[in-house]
Amino acid sequence: MLAKLKAMFLYFNEVVPFRLVPALITTLVLILLLLTPCPQGLDPKAWHLVAIFLTTIVAIILKVMPIGVMSLMAIVIVSLSQVTSNSSKGAITDALASFANPLIWLIVVAIIISRGLKKTGLGKRIGLMFIALLGKRTIGIGYGLAICELVLAPFTPSNTARGGGIVHPIMKSIANAFNSDPAQGTQNKVGTYLSLVNYHANPITSAMFLTATAPNPLVVSCVEKATGHTLQLTWTTWALCMLLPGLVCIFLMPLVIYWLSPPELKATPNAVEFARTELGKMGHLAAGEKVILGTFALLLILWANIPAMLFGPAFLLDATVVAFVGLFALIITGTITWDDALEEKSAWDTLIWFGALVMLAEQLNKTGVVKWFSDGMRDAIIASGMGWFPAAAVLLLVFVFSHYFFASTTAHISAMLLAFLTVGAQLLPAEYVVPFMLIMTAGSAIMMTLTHYATGTSPIIFGSGYVTMGNWWRTGLVMCVVELLVFAIVGGMWWKVLGYW
């Protein structure tokens, strides 16, 4: 009997399109939550919505199926269970409402635009140019990779595509040029150091621009809700607030990693020759690359609201409108085709899972769940007798370091950020609410430093074999603390200069 059950289990585990054990665990979580009595202060339907939300997060963490499928599951369950409405029509309307959110479309369109970097080869060219300029020493190559990340970040909302798809192949090519190869046991020559710099530039740049990683618009939404719509982080506001602390982190990061994991080969004059050779093979800027450069310049000018500053508020354009203008310009010039747009699976995948998670967050807020949870957390902190400053520090540190338990920044932000921001807004003196929101905003990206599964970029770079798990986690912890301190101290002073507190 046991043999038959085992054979049946193995059969289903091979043929079903999901991971069977994680699926069973997720189903058990849903059943247990639904059987749990509704907590005092919540409506039964609101508790059922909590059960759906937490089950979705567990399914994403356990990787039962791709995140898009799990998000589609949430849409289906919300619609069938009618936890947000008294009719299926009302429920499906609620479930699909967030797909009209302009911020979601900003990310989708920007991902499609970033395809042009790969298609034209401009992303590779930019990376090689910085290596040619800074590559005489290993630390210089590190700065070249970091600056390449910084230049690409405003236009590549997939941090995985940027760090893992564009910068990482350049990094591996340089390491191989110096015979630094994990297969040969020579990874410590330059490869370990460059891999760590390649990765740790990614969370920093993700914190610096609204369009640098997909979950950032969700952060904007949470901040807006938690502050009662008094703080609205536009593309320009976000970039300005994160500029100085972000640049300080970019400057310090290669130095700190050089101290933590020094390369065996300090001088690398051949890197300059390698980069120049590769640039020579690429030749002069192609027409497509010139169009991409022009389009990116236009996007930056419009996102920075320069026309509005020069000619008045009539020329102010929403960031999503600007993104659509950029996409249309690339398509009508033939730089990317409509088929390219349709084939950009990550964009359409993001539309589904991001829309579903935003919907769940919005419905949890509408049904009073977030208020109920944040009130309970607030009351517990007040009962402890904790002052507002240690309370803010606890909220920040618990939120950031709980990322050890998450394999998705989006899942983490969806599950926890709004409640933590709401508690902070209630406990802190009014003049310190904005800097708290800004440090939490930075923390939502900085937490990606911690583990080799923290975000989509990490398994790509970790999987190349240059860095051991122990070194990855040790470096990640140190960099997380360093970057939090930079954003708290330098960022705090910078935000004071900008008049945010």
Listed by chain and number, the aspartates and glutamates with an alpha carbon less than 17 angstrom from that of Lys371, same-chain partners under 8 positions apart left out, are Asp43, Glu224, Glu362, Asp379
With all protein chains in place and a 1.4 Å probe, Met73 shows an accessible area in Å² (nearest 10) of 50
Between the Cα axis of helix 418-427 and the main Cα principal axis of the chain, the angle (0 to 90°, nearest 10) is 80
Per the rule of 0.36 nm per residue minus the C-alpha distance, extending Met469 to Leu316 adds in nm 50.3 nm
In Å, the Kirkwood hydrodynamic radius from C-alpha pairs for region 215-309 sits at 18.0
Helix 168-177: inclination vs the chain longest Cα principal axis, degrees, rounded to 10, gives 40
For the Leu293, Val398 Cβ pair and Förster radius 41 Å, calculated FRET efficiency rounded to 0.05 is 0.40
Nearest 10, in degrees from 0 to 90: the angle of helix 138-152 to the longest Cα principal axis of the chain is 50
Contour minus Cα-Cα span, Thr27 to Tyr453, at 0.36 nm per residue, comes to 151.0 nm
Taking only the alpha carbons of region 162-212, the radius of gyration and the largest Cα-Cα distance, Dmax, both in angstrom, are 12.4, 40
Ordering 223-230, 62-69, 476-483 by per-residue average of other C-beta atoms within 10 angstrom, highest first, gives 476-483, 62-69, 223-230
Stretched fully, the stretch from Thr337 through Lys371 gains (0.36 nm per residue minus C-alpha distance, one decimal, in nm) 7.7 nm
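With every protein chain kept in place and ligands, DNA and RNA left out, what is the accessible area per residue of region 362-486? Probe 1.4 Å, answer in Å².
Details: 4420 Å² over 125 residues.
Ligands and nucleic acids excluded, the result is 35 Å² per residue.
What does the charge dipole of the chain about its Cα centre add up to, to the nearest 20 debye, if the Cβ of each Lys and Arg holds +1 and the Cβ of each Asp and Glu holds -1?
For this selection, approximately 760 debye.
Could you order the peptides 410-416, 130-136, 388-394 from most to least packed, using the average number of other C-beta atoms within 10 Å per residue?
On the way: 410-416: 23.3, 130-136: 20.4, 388-394: 15.7.
By packing density, highest mean first, the sequence is 410-416, 130-136, 388-394.
Could you do me a favour and compute the accessible area per residue for region 148-267, 1.4 Å probe, result in Å²?
29
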Expressed in square angstrom to the nearest 10, the accessible area of Arg474 with a 1.4 Å probe stands at 110
When the charge dipole of the chain is computed with +1 at the Cβ of Lys and Arg and -1 at the Cβ of Asp and Glu, the Cα pointing farthest to the positive end, of Leu42, Ala275, Gly385, is that of Ala275
At q = 0.11 Å⁻¹, the log10 of I(q)/I(0) for region 157-245 from a Debye sum over equal Cα scatterers comes to -0.44
Both in Å, the radius of gyration and Dmax of the C-alpha trace of region 355-501 are 16.6, 49
Cβ-Cβ cut-off under 13 Å around Arg276, Lys and Arg +1, Asp and Glu -1: the net charge is +1
The pairs in Lys136/Lys189; Lys45/Lys345; Lys118/Lys266 lying past 23 Å Cα-Cα in this model are Lys45/Lys345; Lys118/Lys266
Taking 365-371, 419-425, 25-31 and ranking on average Cβ neighbours within 10 Å, highest first, one gets 419-425, 365-371, 25-31
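For Ile382 and Ile460, what is the calculated FRET efficiency with R₀ set at 45 Å and r taken between the beta-carbons, to the nearest 0.05?
Between Ile382 and Ile460 the formula returns 0.55.
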The relative contact order of the chain, taking Cα pairs under 8 Å that sit 6 or more residues apart, comes to a percentage of 21
In cubic angstrom per residue, the convex hull of region 81-126 built on its Cα atoms measures 96
The answer for the net charge of residues other than Thr449 whose Cβ lies under 15 angstrom from its Cβ, with Lys and Arg +1 and Asp and Glu -1, is -1
Projected area averaged over all directions for the convex hull of the alpha carbon atoms of the chain, nm², comes out at 27.4
With no solvent term and unit scatterers on the alpha-carbon positions of region 1-132, Debye gives log₁₀ I(q)/I(0) at q = 0.14, 0.16 Å⁻¹ of -0.84, -0.95
For Lys281, the aspartates and glutamates lying under 13 Å Cα to Cα, once residues fewer than eight places off in the same chain are dropped, come out as Glu273
Between the alpha carbon centres of region 154-181 and region 368-401 the gap in Å comes to 39
Cα-based Rg then Dmax for region 113-262, in Å, read 16.5, 57
With R₀ set to 30 angstrom, the calculated FRET efficiency between the beta-carbons of Val325 and Asp43, to the nearest 0.05, is 0.10
Over region 317-363, the quotient of the Cα radius of gyration and 2.2 N^0.38 Å is 1.43
Once all protein chains are kept in place, Phe251 shows an accessible area at probe 1.4 Å, nearest 10 Å², of 120
With -39,500 (n - 2.57) per DSSP H segment of 4 or more residues and division by the full residue count of the chain, the 222 nm estimate, nearest 500 deg cm²/dmol, is -23000 deg cm²/dmol
Treating every alpha carbon of region 263-419 as one equal point scatterer without solvent, the Debye formula yields log10 I(q)/I(0) values at q = 0.12, 0.14, 0.18 Å⁻¹ of -0.96, -1.04, -1.12
With all protein chains present, the chain has a carbon and sulfur share of its accessible area (1.4 Å probe) in percent of 70
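The values are calculated or read from the model by the stated rules, or taken from the named source; none is laboratory data. Computed from a prediction, not measured in an experiment: that's the story for all the values here. When we count neighbours, we look across all protein chains shown, and the Cβ atoms used for this are built from the backbone with ideal geometry, even at glycine. Only protein heavy atoms, including side chains, enter the accessible area calculation; ligands, DNA and RNA are left aside. Shrake-Rupley method; radii C 1.70, N 1.55, O 1.52, S 1.80 Å.
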